[in-house]
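Okay, structure first, notes after.
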Amino acid sequence: MTQYVSEVLGLVRSALFLPASNARAVAKAQGLDCDMAILDLEDAVRPEDKDSARAAAIDAIGGEWKARIVAIRINGTGSAWHDADVAALRAAKPALVVVPKVERVADLPAIGVPMLAMIETPLGVYEARAIAEAPDVVGLIAGTNDLAAELRLPPEAGRGGLTLALQSIVLAARVAGGVALDGVYNRLDDPEGLEAQCIEGRALGFDGKTLIHPNQIEPCNRGYGPGDAEIEEAQALIEAATGGAERFRGRMIEAMHVAMAERLLARARR
(Lines give C-alpha, C1' and ligand atoms only; values in the text may rest on other atoms or scores of the structure.)
Protein backbone atom coordinates (compact mmCIF):
# COMPACT_ATOMS: atom_id res chain seq x y z
CA MET A 1 0.00 0.00 0.00
CA THR A 2 2.83 2.41 0.84
CA GLN A 3 4.33 2.13 -2.65
CA TYR A 4 0.89 2.55 -4.22
CA VAL A 5 0.37 5.75 -2.24
CA SER A 6 3.77 7.25 -3.00
CA GLU A 7 4.08 6.28 -6.66
CA VAL A 8 0.46 6.55 -7.84
CA LEU A 9 -1.96 8.27 -5.50
CA GLY A 10 0.61 10.78 -4.28
CA LEU A 11 0.78 12.25 -7.79
CA VAL A 12 -2.97 12.86 -8.11
CA ARG A 13 -3.72 16.55 -8.59
CA SER A 14 -7.19 16.29 -10.14
CA ALA A 15 -9.90 13.71 -9.38
CA LEU A 16 -13.02 14.09 -11.52
CA PHE A 17 -16.40 12.75 -10.39
CA LEU A 18 -18.51 11.33 -13.24
CA PRO A 19 -22.07 9.96 -13.07
CA ALA A 20 -21.66 6.31 -14.04
CA SER A 21 -25.20 6.44 -15.44
CA ASN A 22 -24.15 8.96 -18.13
CA ALA A 23 -22.52 6.87 -20.86
CA ARG A 24 -21.66 9.90 -22.98
CA ALA A 25 -19.88 11.67 -20.12
CA VAL A 26 -17.94 8.51 -19.24
CA ALA A 27 -16.84 7.97 -22.85
CA LYS A 28 -15.70 11.59 -23.15
CA ALA A 29 -13.84 11.42 -19.85
CA GLN A 30 -11.62 8.57 -21.01
CA GLY A 31 -9.52 11.06 -22.97
CA LEU A 32 -9.38 13.82 -20.37
CA ASP A 33 -6.24 14.96 -18.53
CA CYS A 34 -7.51 14.34 -15.00
CA ASP A 35 -5.19 12.22 -12.88
CA MET A 36 -8.10 10.22 -11.45
CA ALA A 37 -11.60 9.51 -12.76
CA ILE A 38 -14.21 8.57 -10.16
CA LEU A 39 -17.25 6.77 -11.56
CA ASP A 40 -20.02 7.81 -9.21
CA LEU A 41 -22.82 5.51 -8.07
CA GLU A 42 -23.95 7.81 -5.26
CA ASP A 43 -25.09 11.45 -5.40
CA ALA A 44 -24.91 11.88 -9.17
CA VAL A 45 -27.19 8.90 -9.94
CA ARG A 46 -30.99 8.81 -9.64
CA PRO A 47 -32.47 5.97 -7.55
CA GLU A 48 -34.05 4.29 -10.56
CA ASP A 49 -30.66 4.23 -12.35
CA LYS A 50 -28.57 2.76 -9.51
CA ASP A 51 -28.45 -0.83 -10.79
CA SER A 52 -27.66 0.07 -14.39
CA ALA A 53 -25.05 2.63 -13.24
CA ARG A 54 -23.29 -0.05 -11.19
CA ALA A 55 -23.08 -2.37 -14.18
CA ALA A 56 -21.90 0.48 -16.42
CA ALA A 57 -19.17 1.49 -13.97
CA ILE A 58 -17.82 -2.03 -13.73
CA ASP A 59 -17.77 -2.28 -17.52
CA ALA A 60 -16.08 1.12 -17.88
CA ILE A 61 -13.10 0.38 -15.61
CA GLY A 62 -11.83 -2.03 -18.23
CA GLY A 63 -11.67 0.66 -20.91
CA GLU A 64 -8.76 2.74 -22.17
CA TRP A 65 -8.31 5.75 -19.89
CA LYS A 66 -5.85 8.62 -19.98
CA ALA A 67 -6.27 8.99 -16.21
CA ARG A 68 -3.74 7.13 -14.06
CA ILE A 69 -6.48 5.73 -11.81
CA VAL A 70 -10.14 4.86 -12.40
CA ALA A 71 -12.10 4.56 -9.16
CA ILE A 72 -15.73 3.84 -8.29
CA ARG A 73 -17.66 5.68 -5.58
CA ILE A 74 -20.18 3.38 -3.96
CA ASN A 75 -23.36 4.25 -2.08
CA GLY A 76 -22.79 4.70 1.62
CA THR A 77 -23.42 2.39 4.53
CA GLY A 78 -27.13 2.20 5.36
CA SER A 79 -28.32 3.07 1.86
CA ALA A 80 -30.55 0.69 -0.08
CA TRP A 81 -27.82 0.03 -2.66
CA HIS A 82 -24.73 -0.30 -0.46
CA ASP A 83 -24.72 -4.09 -0.09
CA ALA A 84 -25.22 -4.67 -3.82
CA ASP A 85 -22.40 -2.22 -4.61
CA VAL A 86 -20.03 -3.94 -2.20
CA ALA A 87 -20.85 -7.42 -3.54
CA ALA A 88 -20.36 -6.32 -7.14
CA LEU A 89 -17.07 -4.52 -6.51
CA ARG A 90 -15.75 -7.34 -4.37
CA ALA A 91 -16.00 -9.48 -7.49
CA ALA A 92 -14.89 -6.82 -10.00
CA LYS A 93 -11.85 -5.61 -7.99
CA PRO A 94 -11.48 -2.04 -9.30
CA ALA A 95 -8.18 -0.28 -8.68
CA LEU A 96 -9.73 1.98 -6.05
CA VAL A 97 -13.04 2.47 -4.25
CA VAL A 98 -14.29 5.76 -2.81
CA VAL A 99 -16.53 5.37 0.25
CA PRO A 100 -18.81 8.33 1.10
CA LYS A 101 -19.90 9.67 4.48
CA VAL A 102 -17.52 7.63 6.59
CA GLU A 103 -17.98 8.48 10.26
CA ARG A 104 -16.48 5.41 11.92
CA VAL A 105 -14.22 2.54 10.96
CA ALA A 106 -17.33 0.34 11.01
CA ASP A 107 -18.67 2.28 8.01
CA LEU A 108 -15.86 0.92 5.82
CA PRO A 109 -16.81 -2.15 3.75
CA ALA A 110 -14.58 -5.19 3.31
CA ILE A 111 -13.94 -5.16 -0.44
CA GLY A 112 -10.28 -6.12 -0.51
CA VAL A 113 -9.07 -3.18 -2.62
CA PRO A 114 -7.56 0.22 -1.72
CA MET A 115 -10.13 2.73 -0.49
CA LEU A 116 -10.42 6.48 -0.11
CA ALA A 117 -12.73 7.47 2.73
CA MET A 118 -14.78 10.65 2.43
CA ILE A 119 -14.94 12.73 5.61
CA GLU A 120 -18.19 14.69 5.38
CA THR A 121 -19.46 15.18 8.95
CA PRO A 122 -18.14 16.56 12.26
CA LEU A 123 -18.05 13.02 13.68
CA GLY A 124 -16.04 11.90 10.66
CA VAL A 125 -13.52 14.67 11.34
CA TYR A 126 -13.15 13.55 14.96
CA GLU A 127 -12.71 9.92 13.88
CA ALA A 128 -10.51 10.73 10.87
CA ARG A 129 -7.30 9.32 12.34
CA ALA A 130 -8.82 5.91 13.09
CA ILE A 131 -10.49 5.87 9.67
CA ALA A 132 -7.23 6.74 7.90
CA GLU A 133 -5.42 3.93 9.71
CA ALA A 134 -8.07 1.28 8.93
CA PRO A 135 -7.16 -1.70 6.69
CA ASP A 136 -7.18 -0.93 2.94
CA VAL A 137 -7.67 2.83 3.47
CA VAL A 138 -5.03 4.72 1.48
CA GLY A 139 -6.26 8.25 2.00
CA LEU A 140 -9.04 10.68 2.83
CA ILE A 141 -11.24 13.05 0.82
CA ALA A 142 -12.68 16.18 2.40
CA GLY A 143 -16.41 16.34 1.66
CA THR A 144 -16.56 20.11 1.98
CA ASN A 145 -20.16 20.69 0.87
CA ASP A 146 -21.59 18.30 3.44
CA LEU A 147 -19.18 19.51 6.10
CA ALA A 148 -20.20 23.13 5.56
CA ALA A 149 -23.87 22.16 5.79
CA GLU A 150 -23.34 20.08 8.95
CA LEU A 151 -21.40 22.95 10.55
CA ARG A 152 -24.21 25.36 9.59
CA LEU A 153 -21.90 27.72 7.75
CA PRO A 154 -23.64 30.48 5.74
CA PRO A 155 -23.57 29.80 1.96
CA GLU A 156 -21.24 32.72 1.22
CA ALA A 157 -19.06 32.34 4.31
CA GLY A 158 -16.01 31.10 2.41
CA ARG A 159 -13.78 28.37 3.81
CA GLY A 160 -12.61 30.02 7.01
CA GLY A 161 -15.02 27.97 9.10
CA LEU A 162 -13.70 24.77 7.51
CA THR A 163 -10.03 25.39 8.28
CA LEU A 164 -9.84 23.21 11.39
CA ALA A 165 -11.71 20.36 9.70
CA LEU A 166 -9.55 20.54 6.56
CA GLN A 167 -6.30 20.57 8.51
CA SER A 168 -7.53 17.69 10.69
CA ILE A 169 -8.20 15.62 7.58
CA VAL A 170 -4.70 16.34 6.23
CA LEU A 171 -3.10 15.53 9.58
CA ALA A 172 -4.99 12.23 9.88
CA ALA A 173 -4.03 11.19 6.37
CA ARG A 174 -0.36 12.01 6.95
CA VAL A 175 -0.21 10.14 10.27
CA ALA A 176 -1.45 7.05 8.42
CA GLY A 177 0.89 7.56 5.45
CA GLY A 178 -1.99 8.23 3.05
CA VAL A 179 -3.05 10.94 0.65
CA ALA A 180 -5.46 13.80 1.24
CA LEU A 181 -7.74 15.26 -1.45
CA ASP A 182 -9.61 18.53 -1.03
CA GLY A 183 -13.34 18.87 -1.71
CA VAL A 184 -15.07 20.17 -4.82
CA TYR A 185 -15.40 23.76 -6.02
CA ASN A 186 -19.03 24.51 -6.84
CA ARG A 187 -18.68 27.46 -9.25
CA LEU A 188 -18.35 25.99 -12.73
CA ASP A 189 -17.53 29.25 -14.56
CA ASP A 190 -14.83 30.57 -12.25
CA PRO A 191 -11.44 29.09 -13.25
CA GLU A 192 -9.55 31.83 -11.43
CA GLY A 193 -11.41 31.15 -8.20
CA LEU A 194 -10.83 27.42 -8.58
CA GLU A 195 -7.11 27.85 -9.19
CA ALA A 196 -6.86 30.14 -6.16
CA GLN A 197 -8.59 27.49 -4.01
CA CYS A 198 -6.22 24.84 -5.37
CA ILE A 199 -3.22 26.96 -4.41
CA GLU A 200 -4.79 27.42 -0.96
CA GLY A 201 -5.45 23.69 -0.66
CA ARG A 202 -1.89 22.86 -1.60
CA ALA A 203 -0.70 25.31 1.06
CA LEU A 204 -2.80 23.39 3.61
CA GLY A 205 -1.08 20.15 2.61
CA PHE A 206 -3.60 18.53 0.26
CA ASP A 207 -2.20 16.43 -2.59
CA GLY A 208 -4.99 17.31 -5.01
CA LYS A 209 -8.65 18.15 -5.40
CA THR A 210 -11.91 16.50 -6.38
CA LEU A 211 -13.76 18.09 -9.32
CA ILE A 212 -17.28 18.07 -10.76
CA HIS A 213 -16.75 19.30 -14.33
CA PRO A 214 -14.15 18.64 -17.06
CA ASN A 215 -13.54 22.40 -17.41
CA GLN A 216 -12.05 22.36 -13.92
CA ILE A 217 -9.22 19.95 -14.75
CA GLU A 218 -6.73 22.41 -16.27
CA PRO A 219 -6.96 25.06 -13.50
CA CYS A 220 -6.70 22.32 -10.89
CA ASN A 221 -3.65 20.68 -12.47
CA ARG A 222 -2.02 24.09 -12.72
CA GLY A 223 -2.87 25.06 -9.15
CA TYR A 224 -1.57 21.80 -7.70
CA GLY A 225 1.40 21.53 -10.03
CA PRO A 226 4.74 23.20 -9.19
CA GLY A 227 5.65 26.34 -11.10
CA ASP A 228 8.82 26.91 -13.11
CA ALA A 229 10.57 28.71 -10.24
CA GLU A 230 9.80 25.84 -7.84
CA ILE A 231 11.12 23.29 -10.34
CA GLU A 232 14.35 25.23 -10.88
CA GLU A 233 14.81 25.61 -7.12
CA ALA A 234 14.27 21.88 -6.53
CA GLN A 235 16.69 20.85 -9.27
CA ALA A 236 19.37 23.22 -7.99
CA LEU A 237 18.88 22.05 -4.40
CA ILE A 238 19.29 18.38 -5.34
CA GLU A 239 22.39 19.13 -7.39
CA ALA A 240 23.93 21.19 -4.58
CA ALA A 241 23.20 18.75 -1.74
CA THR A 242 26.17 16.64 -0.62
CA GLY A 243 24.69 15.13 2.53
CA GLY A 244 24.09 16.43 6.03
CA ALA A 245 23.15 19.98 6.94
CA GLU A 246 24.55 22.64 4.62
CA ARG A 247 23.93 26.13 3.24
CA PHE A 248 21.95 26.59 0.01
CA ARG A 249 20.91 29.99 -1.35
CA GLY A 250 21.03 31.61 2.05
CA ARG A 251 19.20 28.92 3.99
CA MET A 252 20.04 25.66 5.69
CA ILE A 253 19.02 22.39 4.04
CA GLU A 254 19.31 18.73 4.99
CA ALA A 255 18.09 15.34 3.77
CA MET A 256 14.46 16.24 4.45
CA HIS A 257 14.63 19.12 1.98
CA VAL A 258 16.18 16.90 -0.68
CA ALA A 259 13.32 14.41 -0.28
CA MET A 260 10.80 17.25 -0.62
CA ALA A 261 12.53 18.47 -3.78
CA GLU A 262 12.51 15.00 -5.28
CA ARG A 263 8.80 14.66 -4.52
CA LEU A 264 8.13 18.01 -6.19
CA LEU A 265 10.01 16.98 -9.33
CA ALA A 266 8.10 13.71 -9.51
CA ARG A 267 4.87 15.70 -9.47
CA ALA A 268 6.24 18.04 -12.15
CA ARG A 269 7.06 15.10 -14.40
CA ARG A 270 3.46 13.92 -14.03
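The convex hull of the Cα atoms of the chain, projected and averaged over all directions, covers 14.9 nm². Considering only A25, A132, T77, and ranking their Cα positions along the charge dipole of the chain that arises from unit charges at the beta-carbon of Lys, Arg, Asp and Glu, the one farthest toward the positive end is A132. Solvent exposure of F17, expressed as accessible area, is near 30 Å², computed with a probe of 1.4 Å over the protein chains only.
Let me see the P(r) profile for the stretch 179-232: every Cα-Cα distance counted, bins of 10 Å, each bin given as a percent of all pairs. Over the stretch 179-232, the share of Cα pairs per 10 Å bin runs 27, 56, 16, 1 percent. Per the Kirkwood formula applied to alpha carbons, the stretch 82-157 shows a radius of gyration over Rh ratio, Rg over Rh, of 1.03. In units of the rule-of-thumb radius 2.2 N^0.38 Å, the stretch 1-148 shows an alpha carbon radius of gyration of 0.97. For GluC sites (Glu not before Pro), the sites in the stretch 85-186 that DSSP calls loop and that have at most 10 other Cβ atoms within 10 Å are E156.
Once you reduce the stretch 32-89 and the stretch 126-205 to the center of their Cα atoms, the two points are 22 Å from each other.
The alpha-carbon positions of the stretch 128-220 define a convex hull whose volume is 97 Å³ per residue. Cross-link reach is defined here as a Cα-Cα straight distance under 25 Å, omitting same-chain residues fewer than 8 places apart; for K66 the lysines meeting it are K28, K93, K209.
Whole-Å semi-axes of the stretch 12-95's equivalent ellipsoid, largest first, each the root of 5 times a Cα gyration tensor eigenvalue? Equivalent ellipsoid of the stretch 12-95: 20, 13, 11 Å, largest first.
Springs join every pair of Cα atoms under 10 Å in this Gaussian network model of the chain, and among L188, L96, L108 the largest mean-square fluctuation is at L188.
Each pair of Cα atoms in the stretch 175-270 enters the Kirkwood radius, and Stokes-Einstein at 4 °C and 1.567 mPa s then converts it into a translational diffusion coefficient of 87 µm²/s.
The values are calculated or read from the model by the stated rules, or taken from the named source; none is laboratory data. What you see is a predicted model; the values in this text were computed from it and never measured. A quick note on method: Cβ atoms are made from the backbone with ideal geometry, for glycine too, and the neighbour counts reach across all protein chains shown. The area values use the complete protein model at the heavy-atom level, side chains included, leaving out ligands, DNA and RNA. Shrake-Rupley method; radii C 1.70, N 1.55, O 1.52, S 1.80 Å.
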